[in-house]
Amino acid sequence: MNEFVVRARKAPTRADDFLAAVGKEGHVEYLAQIFNNTLFVSKGHRENVILTFVLEDSKDYSRAITVRGDQLGSLAGTTEADILDLLAGSLRLAEGLAKEAVIVTPEGIIVQAISFEHLVKERLETQQVYLLDKKGADVRQQDFEENAVFLLTDHIPMPRKTFKSLKRQGVANISLGPIMLHASQCVVLIQNELDRQL
Ligand SMILES: C[S@@+](CC[C@H](N)C(=O)[O-])C[C@H]1O[C@@H](n2cnc3c(N)ncnc32)[C@H](O)[C@@H]1O
């Protein structure tokens, strides 16, 4: 299964703060757009994709919220408010989580107290990891391996030092073209490339 990992540096990890961040610096509404565009297609959803949000505005540890397409149960709805409520509910259950501890919510959502860097390091042990970068190599020149991992940010750029560190660790930078897109648009374009490579 391919995975999208979205780093959300200003998204709060406390459920109430998360919900209050709509339209504010954290702009968590972008995450709802990414959620829908990653997991849903017309009249169904993608079973072969994993979506992970790493929320970093935390008083203790970052929270990685992971949704697996093959374990997606029925949802209350898919409006922005429904998706944000779903994510906030998962965060509420994960309040006070110990470092690197994991919980699975009744909806099958996995929440782990883990940093972005540590999570990427884990993926790199067994998977090819790509960083979305407008200046990277053309996506159409890539032959993606199975179970590829794609890293992107929400509206806040990846810090320069992360770029360098990821490169050192073997992460490949890939571009979707010359226009800076929304993350929710990037996930659609990558999945389209993957669909065509099948
Ligand atoms: C809205 S952009 C981030 C915008 C942010 N202001 C910046 O300058 O990085 C969200 C994500 O999409 C990726 N992205 C946007 N356009 C892209 C493109 N043409 N090719 C590859 N990645 C792209 C960015 O690298 C980032 O991870």
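Each value in this text was obtained by applying a stated rule to the coordinates, not by laboratory testing. Owing to the predicted nature of the structure, the values given are computational and were not obtained by experimental measurement. Reconstructed Cβ throughout: ideal geometry from the backbone, glycine too, with neighbour counts over all protein chains shown.
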- Hull volume per residue for the range 55-105, using the convex hull of the C-alpha atoms, in Å³ is 91
- Task: Could you state the angle between the C-alpha long axis of helix 29-39 and the longest principal axis of the C-alpha atoms of the chain, as a value from 0 to 90 degrees rounded to the nearest 10?
- Result: 60
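Could you work out the relative contact order of the range 78-198, using alpha carbon pairs under 8 angstrom and six or more residues apart, expressed as a whole percent? Display every interim value, and only then the final one.
Working: 114 pairs, mean separation 27.7, N = 121.
Averaging sequence separation for qualifying contacts and normalising by length gives 23 percent for the range 78-198.
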- Given C-alpha coordinates of the range 2-197, what is the ratio Rg to Rh with the Kirkwood estimate of Rh? 0.93
- Query: Can you list residues whose amide H is under 5 Å from GLU3's amide H, if they're 5+ apart or on another chain and H is modeled 1.01 Å from N?
  - Reply: ILE50, ALA148, VAL149, PHE150
- Task: Please return the longest stretch of the chain lacking exposed loop sites, where trypsin sites (Lys or Arg not before Pro) count only if DSSP places them in a loop and at most 14 other Cβ atoms lie within 10 Å.
- Result: 100-198
- Query: How many nm separate the modelled label positions at VAL188 and GLU25, each set 7 Å beyond the Cα in the direction of the Cβ?
  - Reply: 3.0
- Collect residues whose amide H, placed 1.01 Å from N in the peptide plane, falls under 5 Å from the amide H of SER62; neighbours closer than 5 in sequence don't count. ILE114
- Simple SL model, points at 7 angstrom along Cα→Cβ for ASP195 and GLU117; separation in nm is 3.8
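May I ask for the equivalent-ellipsoid semi-axes of the range 1-92, computed as the square root of five times each C-alpha gyration tensor eigenvalue and listed largest first in whole Å? Can you show the working numbers first?
On the way: eigenvalues 93, 40, 25 Å².
Semi-axes (√(5λ), whole Å): 22, 14, 11.
From the cross-link list LYS43/LYS135; LYS59/LYS167; LYS135/LYS164; LYS99/LYS135; LYS43/LYS134; LYS24/LYS167, which pairs have alpha carbons spaced over 23 Å apart? Before the final figure, lay out each step's value.
On the way: LYS43/LYS135 35 Å; LYS59/LYS167 29 Å; LYS135/LYS164 14 Å; LYS99/LYS135 35 Å; LYS43/LYS134 31 Å; LYS24/LYS167 32 Å.
Checking Cα-Cα distances, LYS43/LYS135; LYS59/LYS167; LYS99/LYS135; LYS43/LYS134; LYS24/LYS167 exceed 23 Å.
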- Roughly how many debye, to the nearest 20, is the charge dipole of the chain about its Cα centre, given +1 on each Lys and Arg Cβ, -1 on each Asp and Glu Cβ, and no other charges? 720
- Would you mind listing how long the range 83-198 runs along its three principal axes, going by Cα atoms, in whole Å with the largest first? 43, 29, 28
- Say the dipole of the chain comes from +1 at the beta carbon of Lys and Arg and -1 at that of Asp and Glu; which of THR162, ALA148, ALA183 then lies farthest toward its positive end? THR162
- Rounded to whole Hz, the Karplus (6.51, -1.76, 1.60) HN-Hα couplings of the range 128-145, x for glycine and proline: 7, 10, 10, 10, 6, 8, 3, 9, x, 6, 4, 4, 6, 9, 9, 9, 6, 7
- Between GLU100 and HIS155, what is the label-to-label distance in nm when each label sits 7 Å out along the Cα-to-Cβ direction? 3.5
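Count the DSSP beta bridges whose two residues both fall in the chain, then state the antiparallel fraction as a percent rounded to the nearest 5.
The antiparallel proportion sits near 40 percent.
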- Query: What does the convex hull of the Cα atoms of the range 81-149 come to per residue, in Å³, rounded to a whole number?
  - Reply: 149
- Item | Cα Rg, Dmax (largest Cα-Cα span) when computed across the range 118-160, Å | 11.5, 29
